[in-house]
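Report on the following structure.
The values are calculated or read from the model by the stated rules, or taken from the named source; none is laboratory data. Computed from a predicted model, the values in this text were never measured in an experiment. As a convention, Cβ positions derive from the backbone with ideal geometry for all residues, glycine included, and neighbour counts pool all protein chains shown.
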Amino acid sequence: MELTENIEELASPESPPVVDCEVLEAAKENIQPLASGRRVTALSAILTTPHAQRDAQLSAARKRHRFNVQIALEDDDDDPLEVYTRFVNWTLDNYPQGQSAESGLLELLEEATRTLKDDRNGRWKGELKYLKLWVLYASFVERPVIIYKFLLANDIGTDHALLYEEHALVLERDGRRSDADAAYLLGIARQATPLERLQSKHAEFQKRMMTAATLPTQSTSDPAPSSSRIRSALATSSSAPLPT
Amino acid sequence: MATKQAATRQAITLKGSTSLVTEFFKYAANTILFQRGVYPSDDFHMVKKYGQTVLVTQDLALENYLERILAQVNKWLLTGSVTQLVLAIISKESRVTLERWVFDVNLVDPPADPSQPAPPKPEAEIQAEIRYILKQIVSTVTFLPIIDDPTVFNILAYTHDSADVPADEWVDTDPLAIEASKSQQVKLRSFSTDVHRIEAMVAYRYEG
Amino acid sequence: ARLAAATGVPLNRRVLAYHEPPPTSASDSTLSKQRELARPLYARPGALPSSNGTATSKARKIPTQPERVLDAPGMVDDFYLNLISWSSQNVLAVALAESTYVWRADTGSVSHLGEAPQGSYVSSVDFSNDGAYLGVGLGTGEVELWDVEAGQKLRTMSGHQGQIAVLSWNAHILSSGCGDGSIWHHDVRVPRHKVMELLGHTGEVCGLKWRADGEFIASGGNDNVVNIWDGRLGEAVGGDGPATRGIAKWTKRNHTAAVKAIAWCPWQPSLLASGGGTNDAMIHIWNASTGARLHSLKTPSQITSLLFCPSRKELFSTHGYPTNAIMIHAYPSLERVGEIRDAHDGRVLFSALGPGGDVVCTGAGDENLKFWRIWEAAGSGKKGKG
């Protein structure tokens, strides 16, 4: 038994600590599931921080990330894409409930995707990491199809299978099947990588279409604009919000 | 006389505990296979167990397969030769291990005076503990990655060197480990009978 | 053992596997592909269809825009809490971090009622049935009693060891649901306020509702359990002995996620609705007298609150990710009458029905309160179907 204990200690620097499920269970409804799963070590760290300290701790870390972004954007040898990605991942890890006024995730993604577009003469456009920021951003907007159109038009991420796969999924969910099919075919024609994955996703899609499930139909609506001003509690923001 | 009686009682307790533990593995394995989508949900049906609803496979081939494995596990439990059971979920294509559901089998310390056994643990209490573990398995979807690609599973039994092994049925194998640097680990609850204490955990591949 | 778990390296052990691989599924693989697609959408980034309005035949026109939006800066984005309450006097109480505000719907005037003590925060609010008093639950476990008109704190009732995520009133009894799974009945009139204890949850109690007649109280918790309790108080009320303990009349384990949404039906008192969290998203309707489950409905997302319409046979639900929707369902068919997706720019966490029975206020992590005219005022003459 003792031998086991010792080896365990030796091994610990490499393997992350074991997280107690109780901590995660207690807050399970405040954890938005992500397709990629979550880093439970980060999750339990934030969940076990007492309410009162959480804000101070988060705002200090946020400042550091902000600062790093500033430096990276100004320094020609730095990698602002990497720094933004780290900032976004930190936000995902530390605001497990997802998009909220508090996390500012949506605003951060908006900023990162736009700032990096023309940074260093557009050298990030082909990077998978950059595309991933866009894909995450698209998951929060009301009509992601517009985002994917924009990416295709601006040659962002067009070498990656991910772009076509996500675009097609969004179209499929809107019930636009032939457009979805076209999205797969475009990616395959362009030899987007990994090609085999795209091809197999396309094949799965075609199989689904053959069994023709009824899918939700698309509709139109516009989100209310978000405003940034000094707010007082229970002040009327609008009594009849206008569509944009 | 007293010691002989005590020994008989212990034997009965061991048998009872072993079947409780084996049964738990059955429901835990079914819950994992359902929750993690290793088999399509159409293959499962609801049964009442532990005072709640549990999803169990109705695919005869899979049911038989699990029965055969659990029959051997039951034997090993009786002889105290199994120390751990692992349900590994593996990507069908790449053969990479995505998740390892680990159940440690420990023996509860016997009472200091065998002629004065502690009162048996109420079954309702054991059931509540088991219910809690199954509930946690269900809750893990809040942090486990979505598995997009087809997967298969493999059940591993860790036994003592001296364990009786039916040679043509069970073979030595790779532990199907996840590299420590890419592994996240979560400890689940445990449950205990008068003889066994089962500790559960899940390790999963996380690459951010 | 931990090491073995991580690395799979056994010590003096054998690692054995059954010689045969497990069987493959006999089910049609295209069927499972469809199941794949039907999976909840948080799973896949970028793939949520937005649909305001409805698809079923029962659909009727509901306003897709709120008739009023109020700013709620600092509203905590926490599923478990219950941060808004709307009184019979048409006053809305809102908790924003450590502050409690009241907004008088008739005049639109706002006042700051009070602050939680240093180091704590307001985790729940609930108006007494007459609207004269506000119960305020704190993160540190205290339950405060406030006189709304005077704007004064009358007393602090302590003893709970965890966050008070939910409160519910019945006459002079204020019941509190606690992070440790206990529910206490406080008699706000007597010094020894704790008159009864209900122990039946192993996780935080986040849903709690007295039936209007006080005969039952229903609770839901992070242990995924719904309990229905006899509302009668025990023998020891007012005595010097310890508070009595209640035993649940019914314990329901059908939900597979936390149960915060609990609603009693005003026009058929035996009906109780409960709704489950992310991994469940089911609405169950129970008969509280017989314990039978009468109806069930799978919804697209985390259920954060439920309300019965007083004047129509309809049920209103609010939702978290992925749809952030408000929905209206017909009873007993549970057919969808209406849905507004992305009703807020974040999870819709709280809801309260106005005294007119027509307007619902919702609160969310986007720090807004929205007022939706879902139904016509009771007795306004226009009779709907269903």
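Residue count for region C:44-99 under the criterion of being assigned to a strand (DSSP E or B) and modelled with pLDDT of 85 or more: the result is 15.
Yes/no matrix, rows are residues, columns are (1) closer than 17 Å to C:Ala218 by Cβ; (2) crowded, with 24+ Cβ neighbours inside 10 Å; (3) within 14 Å of another protein chain (Cβ to nearest Cβ); (4) touching a strand residue (DSSP E or B) at 6+ places or on another chain (Cβ under 8 Å):
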residue: C:Ala273; (1), (2), (3), (4): yes, yes, no, yes
residue: C:Trp286; (1), (2), (3), (4): yes, no, no, yes
residue: C:Ser311; (1), (2), (3), (4): no, no, no, no
residue: C:Glu335; (1), (2), (3), (4): no, no, no, yes
residue: C:Gly346; (1), (2), (3), (4): no, yes, yes, yes
residue: C:Cys361; (1), (2), (3), (4): no, no, yes, yes
residue: C:Gly365; (1), (2), (3), (4): no, yes, yes, yes
residue: C:Asn368; (1), (2), (3), (4): no, yes, yes, yes
residue: C:Arg373; (1), (2), (3), (4): no, no, yes, yes
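When A:Ile71 is tested against (1) crowded, with 16+ Cβ neighbours inside 10 Å; (2) under 28 Å from A:Trp124 (Cβ atoms); (3) modelled with pLDDT of 85 or more, exactly one condition is not met: (1). Here B:Arg100 clears all of (1) crowded, with 18+ Cβ neighbours inside 10 Å; (2) more than 14 Å from chain A (Cβ to nearest Cβ); (3) within 29 Å of C:Thr256 (Cβ to Cβ) except the condition numbered (2). Determine whether B:Ser183 is under 29 Å from A:Ser200 (Cβ atoms), surrounded by 12 or more Cβ atoms within 10 Å (Cβ to Cβ), within 11 Å of chain C (Cβ to nearest Cβ) and of a type in the set (Gly, Ala, Ser). In short, yes.
Test B:Ala71 against the criterion of being more than 21 Å from B:Ser190 (Cβ to Cβ), among the small types (Gly, Ala, Ser) and either part of a helix (DSSP H, G or I) or within 13 Å of chain A (Cβ to nearest Cβ) (or both), and give yes or no. Taking the combined requirement at face value, the residue satisfies it. Does region B:38-58 contain at least one residue that is part of a helix (DSSP H, G or I), touching a helix residue (DSSP H, G or I) at 6+ places or on another chain (Cβ under 9 Å) and within 23 Å of C:Thr251 (Cα to Cα)? No: region B:38-58 contains no residue that is part of a helix (DSSP H, G or I), touching a helix residue (DSSP H, G or I) at 6+ places or on another chain (Cβ under 9 Å) and within 23 Å of C:Thr251 (Cα to Cα).
Looking at region C:141-153, can you tell me whether even one residue there is surrounded by fewer than 23 Cβ atoms within 10 Å (Cβ to Cβ), within 30 Å of A:Asp55 (Cα to Cα) and touching a helix residue (DSSP H, G or I) at 6+ places or on another chain (Cβ under 8 Å)? No, region C:141-153 contains no residue that is surrounded by fewer than 23 Cβ atoms within 10 Å (Cβ to Cβ), within 30 Å of A:Asp55 (Cα to Cα) and touching a helix residue (DSSP H, G or I) at 6+ places or on another chain (Cβ under 8 Å). Of everything listed in (1) surrounded by fewer than 19 Cβ atoms within 10 Å (Cβ to Cβ); (2) part of a strand (DSSP E or B); (3) within 8 Å of chain C (Cβ to nearest Cβ), the single unmet condition for B:Asp168 is (2).
Being within 21 Å of B:Glu207 (Cα to Cα), in contact (Cβ under 8 Å) with a residue 12 or more places away in the chain and more than 11 Å from chain B (Cβ to nearest Cβ) holds for only one residue in A:Val19, A:Val83, and it is A:Val83. Residue pairs whose Cβ atoms lie under 7 Å apart, separated by 6 or more positions or on different chains, with the first residue in region C:199-226 and within 11 Å of another protein chain (Cβ to nearest Cβ) and the second among the acidic types (Asp, Glu) and surrounded by fewer than 23 Cβ atoms within 10 Å (Cβ to Cβ), are C:Thr202/C:Asp223; C:Gly203/C:Asp223. A:Glu82 meets the conditions (1) surrounded by fewer than 19 Cβ atoms within 10 Å (Cβ to Cβ); (2) in a loop (DSSP other than H, G, I, E, B); (3) in contact with a helix residue (DSSP H, G or I) (Cβ under 9 Å, 6 or more places away or on another chain) in every case but one. The failed one is (2).
Among the residues of region B:111-165, the ones that are without any contact (Cβ under 8 Å) to a residue 12 or more places away in the chain, in contact with a strand residue (DSSP E or B) (Cβ under 7 Å, 6 or more places away or on another chain) and within 21 Å of B:Ser19 (Cα to Cα) come to 1 in all. Filtered by the rule that a residue be hydroxyl-bearing (Ser, Thr, Tyr) and assigned to a strand (DSSP E or B), region C:291-346 gives C:Ser296, C:Thr304, C:Ser305, C:Ser317, C:Thr318. Taking helices (runs of 4 or more DSSP H) as the structural unit, no element lying wholly within region A:87-174 holds at least 3 residues that are closer than 14 Å to A:Gly187 by Cβ, away from chain C (no Cβ under 13 Å) and without any contact (Cβ under 8 Å) to a residue 24 or more places away in the chain.
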